[in-house]
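Have a look at the structure below before the remarks.
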Amino acid sequence: MGKLFGTDGVRGIANVELTAEIAMKIGKAAARVLVKNTPGKAKILIGKDTRLSCDVLEGALVAGICSVGVDVVCLGVIPTPAIAFLVRKYRANAGIMISASHNSFEFNGIKIFGENGYKLLDKIEAVIEKIVLNDVPIDVSEVKYANLGTRTNADRAIDDYIEHIASTIDADLTGLGVAFDCANGAASRTAKRLFTRLGVECTIKNCRPNGTNINKNCGSMHMEGLARFVKENGLDAGIAFDGDADRCLAVDELGNIVDGDFIMAICAMSLNKQRKLAKGTVVGTVMTNIGFNHFCCGNQLKFIATRVGDRYVLEEMLKNGYNFGGEQSGHVIFLDHSTTGDGQLTAVQLLSILKRSGKKLSELAGVMKKLPQVMLNVKVDNLGKLKFHTDEEIKSAIDRVSAKFESGNADTCGRGRILVRVSGTEPLIRIMLEGENLDRITVLANEVADLVRKRLS
C-alpha cells in the first residue's frame, strides 16, 4: 500500500489494497505495540460498519491479535465514536474500528484507539506501520497454545453507548420532527433507538444496509434527498450521518444545508452563553470557511486553525486546554463528552439547542454568513499524490491565484483564498477556493483542477 496510515487510520480498496493478510499483520503489530507492558491478560475491542468486506477484515484482525495472546471483544456493527467511549468504559487496552467512513463500499479502513479513547499519536502509528510494511517478524512461538487470545462478544455495547449519548443533555426533545439519514451505515443500529428515547418524532431514512449501499447517494455526502424531504414534509430539521456516524451535517426547515461550520457556530454561541466554552476558543482547520472567522470576531471568540483532520483538531484542544472544535465536514468534538468526533452526540447537542431556543434552525444558522466556496476533487494515484508536492507548474498556478486574492480586486475574485492539498483518506487532490465572486472563483477552481489533472493523473 506504500504508506499505511493517513489522516484517519488505514484506508484502501478492500481485498486489493487492504487485504486480509495486511489486516492480520496490523492486528499482530498493534497488539504487540499497544499492550506490551500490560500485566495479565490484555483485551482489544473491535467494531465495524456495514461494508461487505468488514467480516473478512474482522476475522483477520481477530486472528492476528489472538495469535499474540491478546483477547478480542467484538462489538459488531457500531459507530466509530462508540469504540472510543467503550474502550474506556470496558477498560480495554485498545479499540479498533473497521470502516472507511464516508467512502463508497469498495473501500475499507482500520482506525485504532488507545486505552484512553483517543486516536493513536502519529509516532505510535509510525511504529506499527514500520513493523507491517517492513515485514518485521513477530515471534508468536512464545505464546503457548494455552495462552492464546480468545474472542467474545459484548451484548450491551449499543445500549451502553446510547445511554451515554442520551445522558449528555438534561432535557428531552419532545415535539421536534426530524428526519435522520443513516447512510445505510452504523447509525442504522443506533439512531432510531437514541432519538426516539429522547422524544423526537423520528423519520428514519437509509437504514437498510446490504453490504454495498453504504453512503450510496445518501448520508452526509449526498444531502439533496434529505433536504427535499424535510422541506416537503414540514419538519423542523434533517440530520445526516456518514457510514461510521462520526460526522453529522444538518438541514434546516427550508431545506438549506447546515454544514459543520454552521453547526460549530450555533454550538459555540450556546456553550459560550452558558460559560462552558473553554477559554472562549473554537478550534477548526484550514478548511473552515472564512465566514466562521468573521463570526468569531463579531462575537468576541477566538478561532484557531489546524491541519485538516479531526485528529489535529483534537491534538490542539488537548495541548492548550480547549474543549470544542471540529471540521466543516461535520466532525465535531465536544471534549467534555467524547474523545473524538461523534455525529450522534453532535446531533443531540444541536437539537437540544434548537428545542431550548424555540427558534427555527434557519434562524440559528443565521449567526454566521458563509463566504462563497468552490470545492473540486481530482482523482490521482499514489504516485500522483507524491508528485504534487514537487510539481513547480502547479505551485506557480496556485501562487498566481493567491496573488489575485491578495489584490482584493473585485474584477478578479475579491477577498478570499485558495487551498490545494492531498487528501489523507482518498486518492484525491482537493482544490478549494473561497471568494466574494462565485462565478470568478468557479472559473479559477476549474482552471487549477484541469492543470492538476493534466500534470498528475
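A short reminder: the numbers here are calculations on the coordinates, not readings from a lab. Since the model is a prediction, treat every value here as computed from it, not as a measurement. In this analysis, Cβ positions are derived from the backbone assuming ideal geometry, glycine residues included, and neighbour counts consider all displayed protein chains.
For this structure, a couple of remarks:
- Partner aspartates and glutamates whose Cα lies under 14 Å from the Cα of residue 454, excluding those fewer than 8 positions away in the same chain, are identified as 381, 391, 392, 393.
- Remark: the chain carries a charge dipole of roughly 640 debye about the Cα centre, counting +1 on each Lys and Arg Cβ and -1 on each Asp and Glu Cβ.
- Whichever aspartates and glutamates have a C-alpha closer than 17 Å to that of residue 36, once near sequence neighbours (fewer than 8 apart) are set aside: 71, 115, 125, 129, 139, 142
- Treating each Cα of segment 1-57 as an identical point scatterer and summing with the Debye formula, the log10 of I(q)/I(0) at q = 0.15 Å⁻¹ comes to -0.52.
- Across segment 159-266 the C-alpha pair distances fall into 5 Å bins from zero in the proportions 2, 14, 22, 25, 24, 11, 3, 0 percent.
- Burial ranking of peptide ranges 382-392, 114-124 (average Cβ count within 10 Å, highest at the top): 114-124, 382-392
- Equivalent ellipsoid dimensions for segment 86-225 as semi-axes, Å, which come from the Cα gyration tensor, largest first: 35, 21, 14
- Cβ-Cβ FRET estimate between residue 439 and residue 17, R0 fixed at 35 Å, reported to 0.05: 0.35
- Highest-first packing order for the peptide set 24-32, 276-284, 126-134 is 24-32, 276-284, 126-134, based on the mean count of other beta carbon atoms within 10 Å.
- Of the cross-linked pairs 25/385; 273/369; 130/395; 41/89; 119/302, those separated by over 22 Å at the C-alpha level are 25/385; 130/395; 119/302.
- Relative contact order (percent, whole number), segment 1-150, Cα cutoff 8 Å, 6+ residue spacing: 30 percent
- Evaluated on the chain, the Kirkwood hydrodynamic radius is 22.8 Å, with distances taken between all distinct Cα atoms.
- Per-residue [θ]222 nm for the chain (sum of -39500 (n - 2.57) over DSSP H runs n ≥ 4, rounded to 500): -11500 deg cm²/dmol
- A simple packing score, the average count of other Cβ atoms within 10 Å per residue, orders the peptides 93-105, 150-162, 214-226, 415-427 as 93-105, 214-226, 415-427, 150-162, with the highest score first.
- Looking at the chain alone, DSSP beta bridges between its own residues are antiparallel in about 55 percent of cases.
- Histogram of C-alpha separations across segment 199-242, 10 Å bin width, %: 25, 54, 20, 1
- Euclidean distance of C-alpha centroids, segment 303-326 and segment 81-121, integer Å: 19 Å
- Taking each residue as 0.36 nm, the span from residue 278 to residue 147 lengthens on full extension beyond its C-alpha to C-alpha distance by 42.5 nm.
- Centre separation in Å (Cα based) which lies between segment 207-249 and segment 1-64: 28 Å
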